[in-house]
Amino acid sequence: MLPYLTEKFGNASSVHGFGQEARAAADRARRQVAAMIGARANEIIFTSGGTEANNLAIRGVCELAESHGRHIIASSIEHPSVRGAIESLEKRGWSVTRLPVYEDGIVRTEDVRSALRAETILISVMMANNEIGTIQPIKEIGELIKEERQRGHRYLWFHSDAVQAAGRLPIDVDYLGCDLLSISAHKIYAPKGTGALFLRRGVRLTPQLVGGHQERERRAGTEPIANIVAFGAAAELASREMTERNEHTRHLRDRFERAVAESIDDIALNGDRERRLPHLSNISFRFIEGEGLLIHLDMQGVAVSTGSACSSGTLEPSPVIRALSRDEELARGAIRFSFGKDNTDDDIDYALTALQDAVASLRRLSPLSRQTVAAS
């Protein structure tokens, strides 16, 4: 991306040579991003990130099609940007069915089938959860929607938030049957502030940003060419290195989880143990607040989270953990650990030591822990 920050400064909407140089760079990146998910280049709309892509998909499709129905189906563990977009429609009179995910954190296809109505316009189920990593049955839901259309349900579309999954799971939008799919650049090591929406050819939506002809008049605004170029390069690298990266992060995660289970009592691993992304681990620690543990670890240089970064600042326990039927104590004590391609075994050793010390320190101060000891 560096040349587009220093030398190649053209606006991709301009017709002069500098602009056309920028346009060519954006088109190349569009092809690279499309290839990562098995799409055509003209089906990619660049956005400011996954949040905008989710809003454009959900509000855009629903607003255009509301004369045909006003019902949405979504899982109960969607990202805050999906939840927020759906809630905004709900306030305007739309009906919403939120699917349970049970203790393993996975939607059941039969629940999707049971929730369908004649007036259902959109089904939105994330490909993999951003907090617990569980992988959802997207292919099966896509097949269900295909069957519904064959029975005459014409105005029904399928959206999947694949922000956490892209670059970590093989994705082919035709195979999966998605009509819309959201992805984000920073999840695959490109800069923050850029994302994309896959919009299947023939699917129409109402633009949410207007006043420009960019992105085939589906998303107005001058394109950030440097970020888009980086997104394309990162998509190509993510596709090429997917197997190697996944093996590396899975090794680190599994080693970490084994050591935590052996050295720390009163924990609960959240979400299905097999059907999940290789780089995420979500663990609840009894008798302590996740926020306190996060702060202790941060002071030791270990960065973790208590939920989605987009919902940080709230004092409420994670709705994702609560959706697993965990009690409030476990929900409040949940921590998400993420492992990246550049982490090492030494990092795991350091994090484990910091975690063991932090948990021991917090439990010594916890009135819940003291009551438990006294009762025993």
Notebook entry, point to check: Sorted by packing (mean other beta-carbon atoms within 10 Å per residue), highest first, where do 87-99, 182-194 land?
Noted result: 182-194, 87-99
Notebook entry, point to check: Nearest-5 percent of antiparallel DSSP beta bridges in the chain?
Noted result: 55
Next item on the list: Report, to the nearest whole %, how much of the accessible area of the stretch 243-309 belongs to carbon and sulfur atoms, 1.4 Å probe, protein only.
Entry: 47
Margin query: For the pairs Lys192/Lys341; Lys8/Lys192; Lys8/Lys187, flag any whose C-alpha to C-alpha distance is greater than 22 Å.
Written below: Lys8/Lys187
Check: In whole Å, what is the distance between the alpha-carbon centres of the stretch 229-257 and the stretch 1-72?
Finding: 24
Notebook entry, point to check: log10 I(q)/I(0), Debye, Cα-only the chain, no solvent, q = 0.09, 0.10 Å⁻¹?
Noted result: -0.55, -0.68
Next item on the list: Would you kindly compute the Cα radius of gyration of the stretch 1-95 and its largest Cα-Cα separation (Dmax), both in Å?
Entry: 18.0, 51
Margin query: Rounded to the nearest 20 debye, what is the charge dipole size of the stretch 1-45 about its Cα centre when +1 sits on each Lys and Arg Cβ and -1 on each Asp and Glu Cβ?
Written below: 120
Note to self: Quick check: the angle from helix 138-150's long axis to the longest principal axis of the chain, C-alpha only, nearest 10 degrees?
What the structure shows: 40
Item checked: Debye intensity ratio I(q)/I(0), log10, the stretch 80-151, q values 0.13, 0.14, 0.20, 0.29 Å⁻¹ (C-alpha model) -> -0.42, -0.48, -0.97, -1.43
Next item on the list: Determine the calculated [θ] at 222 nm for the chain from helices alone, applying -39500 (n - 2.57) to every DSSP H run no shorter than 4 residues and normalising by the residue count; nearest 500 deg cm²/dmol.
Entry: -14000 deg cm²/dmol
Checklist line | the stretch 279-368, dipole about Cα centre (Lys/Arg Cβ +1, Asp/Glu Cβ -1), debye to the nearest 20 | finding: 320
Notebook entry, point to check: Any idea what angle helix 290-299 forms with the longest principal axis of the chain, computed on alpha-carbon atoms, 0 to 90 degrees, nearest 10?
Noted result: 90
Item checked: Kirkwood hydrodynamic radius of the stretch 33-183, Cα pairs, Å -> 15.3
Notebook entry, point to check: Can you tell me the accessible area per residue over the chain, all protein chains present, probe 1.4 angstrom, in square angstrom?
Noted result: 45
Check: Against the longest principal axis of the chain, how steep is helix 80-90, in degrees 0 to 90 to the nearest 10, with axes from Cα atoms?
Finding: 60
Note to self: Taking a cut-off of 19 Å, what percent of all Cα-Cα pairs in the stretch 1-56 are separated by more than that?
What the structure shows: 40
Check: Using alpha-carbon pairs under 8 Å, 6+ residues apart, how would you state the relative contact order of the stretch 1-144 in percent?
Finding: 19
Next item on the list: Express the relative contact order of the chain as a whole percentage, based on alpha carbon pairs under 8 Å and six or more residues apart in sequence.
Entry: 19
Note to self: Under the rule a/c < 1.5 gives rounded, and otherwise a/b versus b/c splits prolate from oblate, where does the stretch 224-268 land using the Cα gyration tensor?
What the structure shows: prolate
Item checked: Projected area averaged over orientations for the stretch 166-263, convex hull of C-alpha atoms, nm² -> 8.7
Check: Given a cut-off of under 8 Å on Cα pairs at least six residues apart, what relative contact order in percent is computed for the stretch 117-194?
Finding: 31
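The values are calculated or read from the model by the stated rules, or taken from the named source; none is laboratory data. Note that this is a predicted model, so its numbers are computed, not measured. Here the Cβ is made from the backbone with ideal geometry for all residues, glycine too, and neighbour counts use every protein chain on show. Remember, those area values only see protein heavy atoms, side chains included, never the ligands or the DNA or RNA. Shrake-Rupley method; radii C 1.70, N 1.55, O 1.52, S 1.80 Å.
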